[in-house]
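Please treat every number below as a calculation from the coordinates, not as lab data. The shown structure was predicted, so the numbers you read here are calculated from the model rather than taken from an experiment. Here the Cβ positions follow ideal geometry from the backbone for every residue, glycine too, while neighbour counts run over all protein chains shown.
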Amino acid sequence: MAKKVKSDIGILINEFSKMDKMQILLDIYKNGFFSCKYSNDKFIELRESDLDIDYLPIDDYISMEKENILLILNTSRNNDLIIKGLVRDLSRNIQQLRKELGFNPTEILSCVYISNISKEEIIHLKKHHEDIKNLVRVKDVNFSEIIDNRFSYKTINIDGKEIRIFIH
């Protein structure tokens, strides 16, 4: 392509950078070429083989291409994903505590106490109250910001935060 435009390559690149890349790709797909006007009286037909097509995803996305299939995934964590992860982590740790304390795995226990969590986390976790009850086999789940000194809690670490759990 550079041989075709010779000394005008800078002008072509400048004009090309201003164009809608998706429209260019659509034209190449439909017609087999894109007619690029880069000066008042100068045109060049660009074909797929003239272009190096690459995908650079925006922040919080990753992309992969294989066999003409492009996959773009959002990698950001939203509040819903964070809370679902917290529910899984809490449930796993509570199940481990049940095992450590020697409880029968099929026995439904009275209550699990989860302390040292924020008001916001409590609000979101309450939406998963039934899920947690079923996952850890208890009749009730009690969430609290403050630690109740009546209980001998186990301290767990989830995402760098110390959370206290007690089960009976």
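Could you pull out every one of the lysines with an alpha carbon less than 20 Å from that of K161, ignoring same-chain neighbours closer than 8 positions?
Of all the lysines, those that pass the test against K161 - Cα under 20 Å, at least 8 places apart if same chain - are K84, K119, K126.
Taking P(r) over Cα pairs in 10 Å bins from 0, in percent as the quantity of interest, determine which of (i) 9, 40, 39, 12, 0; (ii) 10, 37, 34, 15, 3, 1; (iii) 8, 26, 16, 10, 10, 12, 13, 6, 1 was computed from the displayed structure.
Recomputing P(r) over Cα pairs in 10 Å bins from 0, in percent here gives the entry labelled (iii).
Antiparallel versus total DSSP beta bridges in the chain: what percent is that, nearest 5?
Percent antiparallel among DSSP bridges in the chain is about 75.
Which of the lysines could a cross-linker span from K30 if the Cα-Cα distance has to be under 24 Å and same-chain partners fewer than 8 positions apart are dropped?
Result set, ordered by chain and number: K4, K18, K21, K42, K66.
How large are Rg and Dmax for the stretch 79-167 when calculated on the C-alpha trace, in angstrom?
12.0, 34
In nm, to one decimal, how far is the modelled label at E130 from the one at T155, with both set 7 Å along Cα→Cβ?
Distance between label points: 3.6 nm.
Going by amide H atoms built from the backbone, whose H comes under 5 Å of the H on Y61, apart from near neighbours?
When sequence neighbours closer than 5 places are left aside, the close amide H contacts are T75.
Can you sort E107, E45, E67 from fewest to most other Cβ atoms within 10 Å of each residue's own Cβ?
E67, E107, E45
Check the straight Cα-Cα distances from K127 and name the aspartates and glutamates below 19 Å, setting aside those fewer than 8 residues away within the same chain.
D80, D89, D140, E145
Quick one: of the DSSP bridges fully inside the stretch 79-167, what percent are antiparallel, nearest 5?
Beta bridges within the stretch 79-167, antiparallel portion: roughly 60 percent.
To the nearest 20 debye, what charge dipole does the stretch 2-74 have about its Cα centre, counting +1 at the Cβ of each Lys and Arg and -1 at the Cβ of each Asp and Glu?
The dipole magnitude comes to about 400 debye.
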